[in-house]
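Only one structure is covered here, and it is reproduced in the block below.
Every number here is computed from the coordinates shown, using simple stated rules; none is lab data. Being a predicted model, the structure only gives us computed values, none of them experimental. A quick note on method: Cβ atoms are made from the backbone with ideal geometry, for glycine too, and the neighbour counts reach across all protein chains shown.
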Amino acid sequence: MILLLLAVVGCKHAAPEVGLPEVGGQLTILHTNDIHGHYLPEPAEWLDGRPAIGGWARLDAEVDQLRATRPRKSVLLFDAGDQLTGTPLTDLVVDGSRGGAMHAFFETVGYDAWAVGNHEFDKGLDNLAAYTESFAIVTLSANLRGTDGVSPLLPNQQFSHVFERSGLKVGVIGATTEKLAGLMSRADFARLTLLDVETAVKAEVERLDPVTDLIVLVSHIGLDSDERLARFVPGIDLIVGGHSHTPMKQASRVENTWIVQAGSYGRSLGVVDLVVSDDRITKLRYELRDLGPHDAPREASREITQLTEDYADQLEEMFGEELAEAPILLGRDYNRESPLGRWITDALRDATGADVAMYNNGGLRADILPGKVTRGTLFNCFPFGNALQTFEIRGADLQEVVLKNAIAEHDQRRGFLPLSGVTWTWRVRSGAAELLDVKVGASPLDRDRIYTVATNSYITEQWEKHIGVPPLNLQETGQSDYEAAVTYAKKSRSLVDPGDSRGVKLQ
Ligand SMILES: [Zn+2]
């Protein structure tokens, strides 16, 4: 099986020579974003009968079909980043890096370029450098720089690249989210310069404008930021976006810039058909094509089918072990308490014997669906492999964390930290959230006491944002949060929502 994989991986990016006779000025841009290691069809839990959708094979088949029905050499295929972290696939070391398994997919389907996302940094900057070094498609980011602020940060990284299609010169720029500082390790962040997107993109637009017919920005900055950028940087014809996981059914338009984005996890493919003349888009037709389940399955290439099956077999061996059963869904919620948030914090407290446990809602990456729970199920929920740590906190500071939860819930915004070992009641007075009562275990919170806390290394690294005070007496446990979840699932056998609401709003 390994030999077979190597043989397939060895076949690099052959630009497909299919399609109708060439036509000048007609261009098709296909795009994906935020694939996050998803490569198999997955059950759509929000659809009746939970049909399987997405997956590399389906995506490959759609791209082939679209290429065959467009003029030859008129198609560009982009990915707007966050290729990594989300399934066990991107934990394998392939092609010299963790995540390198993704290369063969992007290269075989024939992608032209991609923009670096924040999750590409999850396994460290050195890993990402190894990832781009052996990647055959064009790696883009205009604002990621080395410590000198000038040179590209990564091997093979370009700020922009000019492609020739349909007799047109298409300038393609990349952009990476400015929020990177709060989303990656501090030590790695100190090894790079992150320019503000507006300045970096504007410089590239000015450079490319005189020598190109069309300017496309492949961006991993999220839809709101794309819209702002379109307002402040003239000259971008089209933004192919990512990061906010937005399935845009229609292209949006801000000033003279079109904006599109194709959801996430390879469940859909964006299709932009353009007519370009006199340096601008004169006609645009956009479709967000769902990858299943409604139409007849299309035929994927042999390479992609083989790749998918080989990885599925290999990962089944590594992650297929059945640990427990989930009788009902354990879901997530970014802005408040959720069953999965309660479950994982209980697991961390159980693993360490700490008074309290906390987890970040943004770190819960998948729901646990009813049925068998395997290592793979838990890996998809907690894919970062962050270290499980303990630290100490003063009661008064813990109370502030709890208050922030009440405020986040009241304002319906992000920042709620799932907790275990703490319960509280709160209410709204004069439009503001206030705490009425906080208990640690069965006793009222003592503002002067020191409590022990179990959490993951992401939270302690980002303590300003999440804890508010530096973690005291920080200790490693030697295991990851995912490993603690595996142990707890095995022990429980049946995964149910702990059910006790930890924060209760009183009128
Ligand atoms: Zn992202």
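The amide H of VAL75, built 1.01 Å from its N in the peptide plane, has THR28 as neighbours under 5 Å, considering only residues 5 or more places off or on other chains. Charges only on Cβ, +1 for Lys and Arg, -1 for Asp and Glu: so what's the dipole of the chain about the Cα centre, in debye to the nearest 20? Magnitude of the dipole: close to 880 debye. Residues whose amide H comes within less than 5 Å of that of ALA433, counting only those at least five positions distant or on another chain, are absent (H built at 1.01 Å from N in the peptide plane).
Principal-axis analysis of the Cα atoms of the chain puts helix 481-492 at an angle of about 60° to the longest axis.
Restricting to the chain, what percent of DSSP beta bridges are antiparallel, rounded to 5? Of those bridges, close to 65 percent are antiparallel. The alpha carbons of the range 37-187 occupy a box of 50, 42, 27 Å along the principal axes, longest dimension given first.
With θ taken as phi - 60° and the Karplus curve 6.51 cos²θ - 1.76 cosθ + 1.60 applied, the whole-hertz 3J(HN,Hα) list for the range 455-471 is 7, 9, 5, 5, 5, 6, 5, 9, 4, 4, 6, 9, 9, x, 10, x, x Hz, x standing for glycine and proline. Take the Cβ atoms of GLU287 and LEU436, set R0 to 51 Å, and the FRET efficiency comes out at 0.45.
For LEU445, the residues whose amide H sits under 5 Å from its own are VAL438, LYS439, VAL440, ignoring neighbours fewer than 5 places away on the same chain, with H placed 1.01 Å from N. When peptides 77-84, 459-466 are ranked by their average number of other Cβ atoms within 10 Å per residue, the highest-first order is 77-84, 459-466. Overall, the range 360-507 carries a charge dipole of about 440 debye about its Cα centre when +1 sits on the Cβ of Lys and Arg and -1 on the Cβ of Asp and Glu, all other atoms neutral. Dipole orientation for the chain: of the candidates SER166, LEU474, LEU315, LEU474 has the Cα lying most toward the positive pole (charges on Cβ; Lys, Arg +1; Asp, Glu -1). If eta is 1.306 mPa s and T is 10 °C, what Stokes-Einstein diffusion coefficient results for the range 320-505, Kirkwood Rh from Cα pairs, in µm²/s? Estimated via Stokes-Einstein, D reaches 96 µm²/s. A straight line joining the Cα centroids of the range 107-183 and the range 451-507 runs 34 Å.
The order of ASP437, ASP34, ASP448, going from fewest to most other C-beta atoms within 10 Å of their C-beta, is ASP448, ASP437, ASP34. Under 30 Å of direct C-alpha separation, and excluding same-chain neighbours fewer than eight residues apart, LYS490 reaches these lysines: LYS123, LYS372, LYS439. Hey, what angle do you get for helix 56-68 against the long axis of the chain, alpha-carbon based, 0 to 90 degrees rounded to 10? Once rounded, one gets 20 degrees. Its Cα gyration tensor gives the chain an equivalent ellipsoid, and the semi-axes of that ellipsoid, as √(5λ) in whole Å with the largest first, are 41, 26, 21.
So what's the net charge close to ASP60: Lys and Arg +1, Asp and Glu -1, counting the other residues with Cβ under 11 Å from its Cβ?
Result for the neighbourhood of ASP60: 0.
Taking the C-alpha atoms only, the angle from helix 223-232 to the longest principal axis of the chain is near 50 degrees. Fewest-first ordering of ARG365, ARG427 by other beta carbons within 10 Å of each residue's beta carbon gives ARG427, ARG365.
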